[in-house]
Amino acid sequence: FSDEMQKGAKDRMQMVQEMRDGLERSEFAVYYQPKIDLMTGTILGFEALVRWLHPEKGTISPAVFIPVAEESGLIVPIGMFVLKTACAQLKQWHNMGYMHLQMAVNIASQQLRDDSIVQVVEEILTTTRLFPDRLELEITESSAMINIEKTIQLLASLRQRGIQIAVDDFGTGYSSLSYLKRFPITTLKVDQSCVRDLPGDLDS
């Protein structure tokens, strides 16, 4: 035990309460990072990114609040907020004529462990009247490996409905191709640590 540990625990507890309040006060917002075809310059779709617009502290980085949200379980309601908001926004763009656009939304490991996740996603798609193949759910390599058999069944159920599946941060964890080929995924996102030294580094 130390004073630093005490302060750290107190700060985490305070942040958890502030996040709960922030969800009720609509302090969280969704930003959209475009995915661009480098050959043509065409925007193919977007990745939904959550931001916390704290009334006193300003914009809080996801690197700060996401780990605390995952520890406390608040990542589940935050994740559902992002999914609903992003699907509704994409439907608006489709209604404006941009039917080719897709939306990628991150799914946390806690959401993957929830047996109702498939039903929840279906309900959101039905409510927003969004075509399932326009939605891409992103999971990290590490979260996919927590319960492999259950994850495979879950992803297969989502894929049967036409939803796209991406594995993010590939190359930072298990990186097993024997496991990877069993996952019904449509997109593989190589972690930036594997490619950030391109094109100067010959090994990369």
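Can you work out which of the residues in region 24-47 that are surrounded by 16 or more Cβ atoms within 10 Å (Cβ to Cβ) and under 19 Å from Ile75 (Cβ atoms) is nearest to the chain's Cα centre (by Cα)?
This residue is Glu47.
Okay, residues lined up against (1) aliphatic (A, V, I, L, M); (2) within 17 Å of Met80 (Cα to Cα); (3) under 18 Å from the mean Cα position of the chain (by Cα):
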| site | (1), (2), (3) |
| --- | --- |
| Ile117 | yes, yes, yes |
| Phe131 | no, no, no |
| Glu138 | no, yes, yes |
| Ala144 | yes, no, yes |
| Ile148 | yes, no, no |
| Gln160 | no, no, no |
| Phe170 | no, no, yes |
| Leu180 | yes, no, no |
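Within region 52-67, take every residue that is open to solvent by less than 60 Å² (accessible area, probe 1.4 Å) and at negative phi and give me the one that is farthest from the chain's Cα centre (by Cα).
His54
Might you let me know whether region 94-102 holds any residue that is free of Cβ contacts under 8 Å to residues at least 40 places away in the same chain, more than 20 Å from Leu154 (Cα to Cα) and aliphatic (A, V, I, L, M)?
Checking region 94-102: at least one residue is free of Cβ contacts under 8 Å to residues at least 40 places away in the same chain, more than 20 Å from Leu154 (Cα to Cα) and aliphatic (A, V, I, L, M).
More than 23 Å from Val121 (Cα to Cα), of a type in the set (Gly, Ala, Ser) and open to solvent by 60 Å² or more (accessible area, probe 1.4 Å): does that describe Ala9?
No, not satisfied.
Just one of (1) exposed (fewer than 12 other Cβ atoms within 10 Å of the Cβ); (2) assigned to a loop (DSSP other than H, G, I, E, B) trips up Gln92, so point out which.
(2)
Does Ser109 qualify as being surrounded by fewer than 18 Cβ atoms within 10 Å (Cβ to Cβ) and closer than 18 Å to Asp168 by Cα?
yes
What are the residue pairs meeting all of these: first residue in region 162-187, first residue within 12 Å of Thr151 (Cβ to Cβ) and open to solvent by less than 30 Å² (accessible area, probe 1.4 Å), second residue of a type in the set (S, T, N, Q) and at pLDDT below 90, Cβ atoms under 8 Å, and 6 or more apart or on different chains?
Val167/Thr140; Phe183/Thr151
Take the conditions under 17 Å from Tyr32 (Cα atoms) and among the hydroxyl-bearing types (Ser, Thr, Tyr) and apply them to Ser157. Does it pass? Break it down stepwise before answering.
Details: under 17 Å from Tyr32 (Cα atoms): no; among the hydroxyl-bearing types (Ser, Thr, Tyr): yes.
It is false that Ser157 is under 17 Å from Tyr32 (Cα atoms) and among the hydroxyl-bearing types (Ser, Thr, Tyr).
Taking Arg20 and the conditions (1) over 27 Å from Gln164 (Cβ atoms); (2) of a type in the set (D, E, K, R); (3) in contact (Cβ under 8 Å) with a residue 24 or more places away in the chain; (4) open to solvent by less than 70 Å² (accessible area, probe 1.4 Å), which numbered condition does it fall short on, given that it satisfies the others?
For Arg20, the exception is condition (4).
Can we say Leu125 is at pLDDT 90 or above, in contact with a Lys or Arg (Cβ under 7 Å, 6 or more places away or on another chain) and open to solvent by less than 20 Å² (accessible area, probe 1.4 Å)? Working first, answer last.
Details: at pLDDT 90 or above: yes; in contact with a Lys or Arg (Cβ under 7 Å, 6 or more places away or on another chain): no; open to solvent by less than 20 Å² (accessible area, probe 1.4 Å): yes.
Against the criterion (at pLDDT 90 or above, in contact with a Lys or Arg (Cβ under 7 Å, 6 or more places away or on another chain) and open to solvent by less than 20 Å² (accessible area, probe 1.4 Å)), Leu125 does not qualify.
The values are calculated or read from the model by the stated rules, or taken from the named source; none is laboratory data. The model shown is predicted, which means the values in this text are computed figures rather than measured ones. For neighbour counting, all protein chains shown are included, and Cβ atoms are generated from backbone atoms with ideal geometry for every residue, glycine included. Calculation scope for accessible area: heavy atoms of the full protein, side chains included, ligands and nucleic acids excluded. Shrake-Rupley method; radii C 1.70, N 1.55, O 1.52, S 1.80 Å.
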